[in-house]
1. Please go through region B:255-295 and write out the GluC sites (Glu not before Pro) that DSSP classes as loop and that have at most 10 other C-beta atoms within 10 Å.
2. If you scale each eigenvalue of the Cα gyration tensor by 5 and take the root, what three semi-axes come out for region B:158-247, rounded to whole angstrom and sorted largest first?
3. Calculate how large, on average over all directions, the projected area of the Cα convex hull of region A:73-144 is; give the answer in nm² to one decimal.
4. On average, how many beta carbons from a partner chain sit within 10 Å of the beta carbon of a residue in B:312-318?
5. If R0 is 30 Å, what FRET efficiency do you get for B:E71 and B:N18 from their C-beta distance, rounded to 0.05?
6. Modelled label-to-label distance, B:A129 and B:V229, 7 Å Cα→beta-carbon offset: nm?
7. Taking the Cα centre as origin and putting +1 on Lys and Arg beta-carbons and -1 on Asp and Glu beta-carbons, what dipole magnitude results for region A:56-144, to the nearest 20 debye?
8. Order A:H49, A:H142, B:H159, B:H138, most accessible first, counting only protein heavy atoms with a 1.4 angstrom probe.
Amino acid sequence: MAAAMFGMETPSPSGPGPETNDGGGPGDARGFPSPAQDYFHGGIDLNRHLIRDRTCTFIMRVSGNSMAASGISDGDELIVDRSLPPRDGSVVVAVVNGELIVRRLHLSGGHVSLQTDDGGVPTEVPELADLSIWGVATRCLHHV
Amino acid sequence: MSSERSLYGGRIALVDVNNFYVSCERVFDPALERRPVVVLSNNDGCVVARSEEAKQLGIATGTPWFKVSPEAERWGLVARSSNYELYGDLSARVMEVLGRFGSWQEVYSIDECFLGLPGDERQLLGTAARIRAAVMRHVGVPVCVGVAGTKTLAKFVNHIAKRNPHMQGVCSLDSMPAGEVARIQARVPVTGLWGVGGRTAKRLNAMGIETVADLKAADPQLIRKRFSVVLQRTVLELNGTACIPHSEERADKQQIMFSRSFSTPVTSAEEMDQVMAVYAQRGAARMAAEGLSASVLTVTAGTSRFGDGDKSFPSASARLPVPTQDPIQLTRAAVATMRTCISPGTSYVRAGVLFTGLEPADGQQTLDPFVSDLDQRHIGDLLGSVRAKFGEAAIGLGQGGLAVPAAWSMKRDFSSPRYTTEWCDLPVVRA
């Protein structure tokens with residue numbers, strides 16, 4: 001169900017029927033046409049703002065505080081784009097020992113490591129080819 | 001191999017996801033890589049999907065779970081309950097990615113589709129490799145791509161790609177030495193062909209037609225006379241003549257699907273509602289006839305590849321509150337789900353509905369599809385308000401009613417979370 005992820009309503013047994021899910025633009029109103037009709041391009045759409053390509057965008061929940069200095073705290077949600085190329089300094093979701101972890105990627109002079117923000121021991125990767133990056137984090141939905 | 005262009009222009013690719021359900025499970029649980037994994041049917045009854053490692057253990061599709069579970073620990077075998085929300089969502093993503101590559105797209109099942117590929121032979125192999133890389137990068141599941149001049153041959157070479165790891169998941173018939181193609185066709189039994197079942201194969205064998213090469217060499221007229229126009233098409237397609245049209249209706253044990261290209265584009269949401277209503281009701285009728293209910297539906301639409309307009313290939317899935325074959329519920333769900341993903345004013349030239357998570361409907365009576373009648377009396381709205389007040393199980397029509405166990409009562413002991421469709425089930429990443 002792309003529905004929940006992209007902020008769309010999951011159909012309930014009784015609908016939402018056409019009358020409740022029509023985009024809500026003034027152009028849909030019955031009767032006197034709104035003078036704003038020609039200027040209405042839809043409201044602010046967070047999906048459009050946050051999601052570059054919905055086929056490769058996933059949302060993950062953060063567990064732990066080792067990336068708190070980057071603004072990524074326990075319980076936050078990360079927007080992760082699988083198709084972006086990871087670069088030096090990217091915050092990435094990596095696969096380490098069969099587990100998904102969030103780290104900052106450091107690439108310098110052929111040296112590869114995954115680092116936390118709290119001075120924890122970095123995960124050293126001998127070869128770039130050994131690095132399994134699941135995706136690149138593009139946004140953090142931080143609970144305030 | 002013949003070099004004539006297909007009926008659709010260009011070549012045809014058959015793209016399918018390897019061990020789709022298992023591959024979906026692995027996307028969010030990398031610990032399952034390289035381990036034997038099986039996915040179980042509704043109610044954890046029997047094995048419906050297997051990883052390569054599970055196949056190597058000799059576990060067959062359809063094996064009851066209780067027969068292999070005693071060995072699971074010793075084998076390191078992991079079982080998962082069917083997670084159709086996850087599979088439906090990842091399928092929709094895969095199909096959207098694939099749609100970006102084809103001059104046309106025919107979604108054939110939850111995990112495979114035909115694509116029209118323009119270009120010369122060298123470009124085709126490059127495109128096939130890019131398709132494979134794109135699906136892996138975007139969605140994280142492995143696919144194989146078979147390219148040929150007909151659907152039957154595309155399916156056939158897809159199997160060649162699957163069985164030959166050195167091909168890296170990509171095989172184009174025209175790039176293979178003719179002698180090698182002939183050798184493989186002489187070795188593969190006719191049951192290895194799309195649309196040739198065991199019974200047909202038996203009758204073919206009785207005529208001395210044992211292999212793909214034998215059928216290819218058979219007289220199409222004779223095959224038509226003794227069998228059907230369908231099998232005659234298979235013979236023609238094996239010889240490079242594309243003659244299997246895009247189909248409107250497909251069904252196998254795990255899914256029911258309706259899709260079609262329109263003669264004139266659909267541009268308004270209201271017209272699309274009508275298309276969805278037609279497909280949903282056909283799906284309802286089909287499920288009623290086969291005694292099945294669906295728990296998830298997926299809708300797809302697509303614009304033309306050609307012309308100046310915006311190109312888009314939207315799709316979305318929805319889990320039904322309870323598994324149902326009720327035409328009203330299916331229509332409402334299809335219409336509402338489609339409305340979430342299309343934009344009015346866009347010219348869509350095709351649309352489809354895929355029903356998955358099928359399960360026996362327990363012999364309950366279904367309503368006749370008096371949809372408009374009931375709709376006029378606003379029964380659906382009434383039911384909705386009753387449910388809103390008293391809960392999902394309080395009241396329902398036909399299959400939606402109390403007689404059916406709710407989805408949550410189904411046995412799903414080994415279910416993975418609905419990672420991509422429920423906010424409460426998001427995958428967890430450790431920081």
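The values are calculated or read from the model by the stated rules, or taken from the named source; none is laboratory data. In this text the structure is predicted, and so the values were computed from the model without any measurement. So basically every Cβ, Gly included, is an ideal-geometry build from the backbone, and we count neighbours across all protein chains shown. Quick note on the areas: whole protein, heavy atoms, side chains included, nothing else; ligands and nucleic acids left out. Shrake-Rupley method; radii C 1.70, N 1.55, O 1.52, S 1.80 Å.
1. none
2. Numbers: eigenvalues 110, 43, 30 Å².
Result for region B:158-247: semi-axes of 23, 15, 12 Å.
3. On the way: hull surface 20.7 nm².
For region A:73-144, the mean projected area of the Cα convex hull comes to 5.2 nm².
4. Working: counts 0, 1, 2, 3, 8, 4, 9.
Mean partner shielding for this stretch: 4.
5. Numbers: r = 24 Å, r/R0 = 0.81.
Computed FRET efficiency for B:E71 and B:N18 comes out at 0.80.
6. 4.2
7. 240
8. Values: A:H49 120, A:H142 95, B:H159 70, B:H138 15 Å².
Result of the area sort, largest leading: A:H49, A:H142, B:H159, B:H138.
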